[in-house]
Amino acid sequence: MNDARAAIPLDRSARLRRWHPALAGLVALLIGIGFSRFGYTPLIPALIGAGWFDAGAAAYLGATNLAGYLLGAALARRLAERVPASRLIKGAMVVGIASFLACALPWGFLWYAVWRLLSGVIGGILMVLAAPTVLAATPAARRGRVGGAIFTGVGLGIVGSGTLVPWLVRFGLSETWLCFAAVSAVLAAIAWGGVPPTALPPPGAARPSGARLSRPVLVLIVAYAFYGLGFAPYTVFWVDYIARGLGQGLAVGGSYWVVLGIGAALGPALCALFADRIGFGASLRLALFVMGLGLALPLLSTAPAPLGISSFLGGVLGTGMTALASGRLAELVAIDHQRQIWGWITVAFSIVFAASGYLLSFLFDRSHSYGLVFAIGAGGLLLGALVDVAATAGRPRGGA
């Protein structure tokens, strides 16, 4: 009897250890993307209202984070050739926490720009390295579930920031940033031991080479880059549009951000299930089209239902598009070259994503028109869908 009772905590302990790496990956993306990038979005109206920045400067700071993401994504694999990925992941989480502490200090635009850039860099590093590092140490039979768990960190960060920010700003902006730092520090401490140890590649290790850009792969890269143009309005302007543009306040804006976060948490799984039915190529084209319509909804109506639908679609397809693109790549490219080409796709997306953030911020600073921003983003998504449709028209169904 005593032996049986003693076995129960051991079994639970073993299960916890087995899922500890997945938790570490989830926390890494929650801190690096969910909080560092998306936690800023619901804070924009409060930063403007408190006089820390004007609307144009706040938008540029959001775009600076996207530029940092591009830099981090582009450098991640090269850095991992010089520093073990496990150390990079842990170091990135520490820098993310430091950025929250730094943003608690209202020391001007340049100070904030440096730290928003750094928080973007660590987000790009964590997005590129966290999941592959954890999945490499995960048995093949569990990789699907573990991968799904890791990417829910982004959606959970959006939900958490949308829920906490409207309540925390009542105590002050500095206190809000300090709360982000405290919560992230606790989560990082819990996840710290779960990051799988990694070693540097052996000297002279061969890199994948010889990958070629076939026409379908080039179309995929272009379509996914257009997704970057369409997702930027959600990540920079959405909460500010509802809170200040529509005059509904930060609490209401935060609630729509929570809806987007719920969609983001569900997105990869929902899109993957849909792709199982109609294929990844058709699903990707449909997702671009539907996301474009969703972003255009506020141009037609600002009633709660259209705003809620747009928020949910922005979340589901904002994270689900990555699952669809990676699945489509697996259909088109041999496994030996998938990582190399996925790197190209990620960089192409990041370039368009960052450039879109600055372009839309510039246009908004000049026009103060949220409608113009949403129209350009929606147009980019619909154009990406049309490019994909035109490129696949007349091709055999198996190549769709």
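The values are calculated or read from the model by the stated rules, or taken from the named source; none is laboratory data. Since the structure is predicted, the reported quantities are computational estimates derived from the model, not experimental observations. Here Cβ is always computed from backbone atoms with ideal geometry, including for glycine, and neighbour counts include all displayed protein chains.
Inside region 62-75, residues that are of a type in the set (A, V, I, L, M) and either crowded, with 22+ Cβ neighbours inside 10 Å or under 14 Å from the mean Cα position of the chain (by Cα) (or both) make up a count of 5.
How do the helices (runs of 4 or more DSSP H) wholly within region 239-346 filter down when requiring 2 or more residues that are within 26 Å of Gly39 (Cβ to Cβ) and among the hydroxyl-bearing types (Ser, Thr, Tyr): which remain?
In region 239-346, 249-278, 304-332 are the helices (runs of 4 or more DSSP H) which contain 2 or more residues that are within 26 Å of Gly39 (Cβ to Cβ) and among the hydroxyl-bearing types (Ser, Thr, Tyr).
For region 21-61, the set of residues classified as modelled with pLDDT of 90 or more, part of a loop (DSSP other than H, G, I, E, B) and buried (at least 23 other Cβ atoms within 10 Å of the Cβ) consists of Ser36, Gly39, Tyr40, listed by residue number.
So, Ile262, is that one under 23 Å from Tyr69 (Cα atoms) and at pLDDT 90 or above or not? Here the answer is yes, as Ile262 does meet what is asked.
Taking the residues in region 116-167 that are of a type in the set (S, T, N, Q) and within 13 Å of the chain's Cα centre (by Cα) as candidates, determine which candidate is farthest from Pro45 (Cα to Cα). Checking each candidate, the answer is Thr152. Residues in region 185-236 that are among the aliphatic types (A, V, I, L, M), over 23 Å from Ser350 (Cα atoms) and at pLDDT 90 or above: Ala185, Val186, Leu187, Ala188, Ala189, Ile190, Ala191, Val195. If you go through region 168-179 one residue at a time, do you hit one that is under 19 Å from the mean Cα position of the chain (by Cα) and surrounded by 21 or more Cβ atoms within 10 Å (Cβ to Cβ)? There is no residue in region 168-179 that is under 19 Å from the mean Cα position of the chain (by Cα) and surrounded by 21 or more Cβ atoms within 10 Å (Cβ to Cβ).
This table checks each residue for (1) touching a Gly at 6+ places or on another chain (Cβ under 9 Å); (2) free of Cβ contacts under 8 Å to residues at least 24 places away in the same chain; (3) more than 20 Å from Phe364 (Cβ to Cβ).
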{"site": "Val217", "(1), (2), (3)": "no, no, yes"}
{"site": "Gly228", "(1), (2), (3)": "yes, no, no"}
{"site": "Phe231", "(1), (2), (3)": "yes, no, no"}
{"site": "Arg244", "(1), (2), (3)": "yes, no, no"}
{"site": "Gln248", "(1), (2), (3)": "no, yes, no"}
{"site": "Ile262", "(1), (2), (3)": "yes, no, yes"}
{"site": "Val290", "(1), (2), (3)": "no, no, yes"}
{"site": "Gly315", "(1), (2), (3)": "yes, no, yes"}
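Taking the stated definitions as given, is Ile376 over 15 Å from Ala232 (Cα atoms) and either in a helix (DSSP H, G or I) or among the acidic types (Asp, Glu) (or both)? Spelling it out, it is not the case that Ile376 is over 15 Å from Ala232 (Cα atoms) and either in a helix (DSSP H, G or I) or among the acidic types (Asp, Glu) (or both).
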